[in-house]
Amino acid sequence: MRTPYLAVAIAIAACSSGHHGSTTATPRSACDVRGNAPPAARALAVSVDRLDAMKGKKVDHVQLLQALRALESSLQVVAPSHVKEIAAVHQSGTTLSRAIGNTDAHADFVRIGLVNASRALAAEQPAYSGVACYRDELAAMTEAAQRIDPNKKLVAQYAEVRAALRAASHVVLAASTEQIATASGRGR
């Protein structure tokens, strides 16, 4: 008789421990207003959440590749005139796709993509993104990308890569969501 109750308790525990939405390990930024953002910006935020969920478990180049592709798509929305930088992010993903399963791959190509993404976002600040979260997250993204040592293995630098991508997702959300500026009272 206890078995059905135990099964129900286990099922409830499994459902409540699943990854529905964001991870609890990473607090959301004031820039993280997903519901009002375009699909590409929301997809980037979700892919970064998934990459964050892998923290401490294993290195997942496939999930990193999805985050880089989502970053590329987001840049096409918020910084479409920065074709050269978007191409560098694309090339970063292409190179990573060839390194899937290679734990000896160095971080140089990922760093190049993230640095170019931060340049595109820095040059393309929409008028309503003058809020502090945009500037703070852009600075955090740039700093995290610069901390990635191109001569070291990528697997040893996932913390920096995740930090740069997390900040990038916040910048993209801020750049694509005018409501952030009006909600904070510090817009235009």
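Label-to-label distance for V155 and S81 is 4.4 nm, based on points extended 7 Å past Cα in the beta-carbon direction. The residues T103, T177, T142, when put in order of fewest to most other Cβ atoms within 10 Å, stand as T103, T142, T177. Simple spin-label model, 7 Å along Cα-to-Cβ: T103 to N36 in nm? For the pair T103/N36, the computed spacing is 4.5 nm.
May I ask you to sort R166, R147, R42 by Cβ crowding, counting other Cβ atoms within 10 Å and putting the fewest first?
R147, R42, R166
Stokes-Einstein diffusion for segment 34-184 at 37 °C, viscosity 0.692 mPa s, with a Kirkwood radius from C-alpha pairs, works out to 219 µm²/s. Counting beta carbons within 10 Å around each of V78, V115 and listing the fewest first gives the order V115, V78.
None of the figures in this text is laboratory data; all of them are computed from the coordinates on show. Everything quoted here is computed from the prediction, not taken from an experiment. Glycine also receives a Cβ, built like all others from the backbone with ideal geometry; neighbour counts cover every protein chain displayed.
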